[in-house]
1. In the range 24-34, is there at least one residue being among the acidic types (Asp, Glu), modelled with pLDDT of 85 or more and surrounded by fewer than 14 Cβ atoms within 10 Å (Cβ to Cβ)?
2. Output the residues belonging to the range 209-234 that are surrounded by 19 or more Cβ atoms within 10 Å (Cβ to Cβ), more than 27 Å from ASP68 (Cβ to Cβ) and modelled with pLDDT of 70 or more.
3. Could you list all residues from the range 289-308 that are outside any strand (DSSP E or B) and under 13 Å from VAL333 (Cα atoms)?
4. In the set LEU188, LEU209, LEU131, LEU176, which member is closer than 23 Å to ARG40 by Cβ, out of contact with any Gly (no Cβ under 7 Å at 6 or more places or on another chain) and in the same structural domain as PHE53 (by TED's automatic domain parsing)?
5. Looking at the structure I just gave you, is PHE14 at pLDDT 80 or above and surrounded by 22 or more Cβ atoms within 10 Å (Cβ to Cβ)?
6. Could you identify the single residue in PHE325, PHE318, PHE292 that is buried (at least 18 other Cβ atoms within 10 Å of the Cβ) and either in contact (Cβ under 8 Å) with a residue 60 or more places away in the chain or within 24 Å of LYS205 (Cβ to Cβ) (or both)?
7. Do we have VAL126 as among the β-branched types (Val, Ile, Thr) and at pLDDT below 85 here?
8. Does the range 159-173 hold any residues that are in a strand (DSSP E or B), touching a residue at least 24 places away in the same chain (Cβ under 8 Å) and farther than 20 Å from ASP46 by Cβ, and which are they?
Amino acid sequence: MKKKWSSITIGLLFVALGAIAQDGASNIEFVENKGQWDPRVHFRGDLPNGELFLEKTGFTVLLYNGDDLAAMTALHHGVKGGTGAYRGGPAATANVPAGVTGKPDMLRAHAYRVSFADASADVDIVPDKPLPGYNNYLIGPDTGKWGRNCKVFQGVTYRNIYPNIDVRYYTNNGQLKYDIIVHPGGDLNRVRMQYTGADKLNTHKGQLLIGTSVGTVTQLAPVSYLSNEQGRSDIRCRYSIHNGNTVSFDVPEHDANATMVIDPVIIFCTFTGSKVSNWGFTATPGPDGSFFAGGIVFGSAFPYTTGAIQPTYGGGQFDVGIIKFNSNGSTKVFATYLGGSDS
């Protein structure tokens with residue numbers, strides 16, 4: 001007997017080693033295809049080191065090797081005596097900055113496709129939140145492959161990709177997300193995502209790890225809850241991998257009259273730092289949910305804590321500043337300078 005679900009939203013958030021998260025907080029923009037790209041592509045989004053192609057019943061992710069891209073970018077920008085133009089050969093390699101292992105004359109890439117198995121052929125593709133202006137793609141001598149007045153959107157919804165089930169693609173704080181929305185009468189058990197081209201799929205601590213030759217893409221664990229007249233209550237949702245290449249969702253029995261939301265959430269946001277100029281360069285979670293951040297500080301007034309390893313500014317042009325918060329951001333566990341009299 002098939003389960004009849006109430007309205008369900010499954011929010012899936014991608015992060016990667018420089019692959020899916022945009023630099024800063026700028027969002028990915030979805031540009032409509034008006035003949036400038038392969039006809040299978042309906043919308044394309046530019047990633048910092050790759051591309052996202054939205055197709056009729058799925059999407060394709062193209063990723064570049066980060067080191068190769070950094071080396072090529074450094075060469076084009078004239079780093080360490082570079083000419084500012086790509087020349088290739090031994091001279092080009094000599095211009096690669098120290099610590100960058102990529103080759104400026106080679107750009108390795110990896111593509112994988114995610115398709116919704118047995119999806120409807122009558123899916124209705126509806127873009128939303130249009131941005132002002134448009135893009136023109138007047139490339140090559142064949143005017144039939146030019147794209148004019150291509151509109152740009154912040155989100156795209158695929159309605160009825162399965163009966164009473166929608167998929168919406170968008171970004172949040174620079175990270176790619178897609179929601180699977182199961183309306184009343186929809187059957188979540190029909191949702192199966194088949195991965196083609198990925199080296200390996202596995203789960204770790206509730207996250208979905210997508211292995212590629214240029215790095216691992218991480219899809220964060222979905223956070224879910226039920227909402228009805230009695231309020232809100234958490235409910236479990238897990239990824240389930242079948243035959244090594246197909247992903248579905250494991251959700252327990254629940255109140256069919258309640259709305260179920262499965263969506264990654266921001267744990268906390270806060271301002272912190274010195275009263276003088278300071279730049280943040282790195283951040284990472286701890287195993288207990290705590291949060292570490294680091295950067296450089298250009299003078300005194302960094303908010304160090306009692307007992308810090310270095311409570312005073314060391315001097316020179318800048319010191320490192322390191323800070324730790326508890327799991328919900330309400331308490332600064334410690335903060336310290338780290339540096340000497342030089343930079």
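The values are calculated or read from the model by the stated rules, or taken from the named source; none is laboratory data. Keep in mind the model is a prediction, meaning the values are calculated, not measured. In this analysis, Cβ positions are derived from the backbone assuming ideal geometry, glycine residues included, and neighbour counts consider all displayed protein chains.
1. No, the conditions are met nowhere in the range 24-34.
2. Within the range 209-234, ALA221, PRO222, SER224 qualify.
3. Kept after step one, since they are outside any strand (DSSP E or B), are these residues of the range 289-308: 289-290, 298-308.
Answer for the range 289-308, where residues must be outside any strand (DSSP E or B) and under 13 Å from VAL333 (Cα atoms): GLY289, SER290, PRO303, TYR304, THR305, THR306, GLY307, ALA308.
4. Values: LEU188 fails: closer than 23 Å to ARG40 by Cβ; LEU209 fails: closer than 23 Å to ARG40 by Cβ; LEU131 fails: closer than 23 Å to ARG40 by Cβ.
Answer to the selection: LEU176.
5. In short, no.
6. Values: PHE318 fails: either in contact (Cβ under 8 Å) with a residue 60 or more places away in the chain or within 24 Å of LYS205 (Cβ to Cβ) (or both); PHE292 fails: buried (at least 18 other Cβ atoms within 10 Å of the Cβ).
Just one listed residue meets the conditions, PHE325.
7. Considered against the rule, which asks whether it is among the β-branched types (Val, Ile, Thr) and at pLDDT below 85, VAL126 comes out as no.
8. Hits for the range 159-173 are ARG159, ASN160, ILE161, TYR162, ILE165, VAL167.
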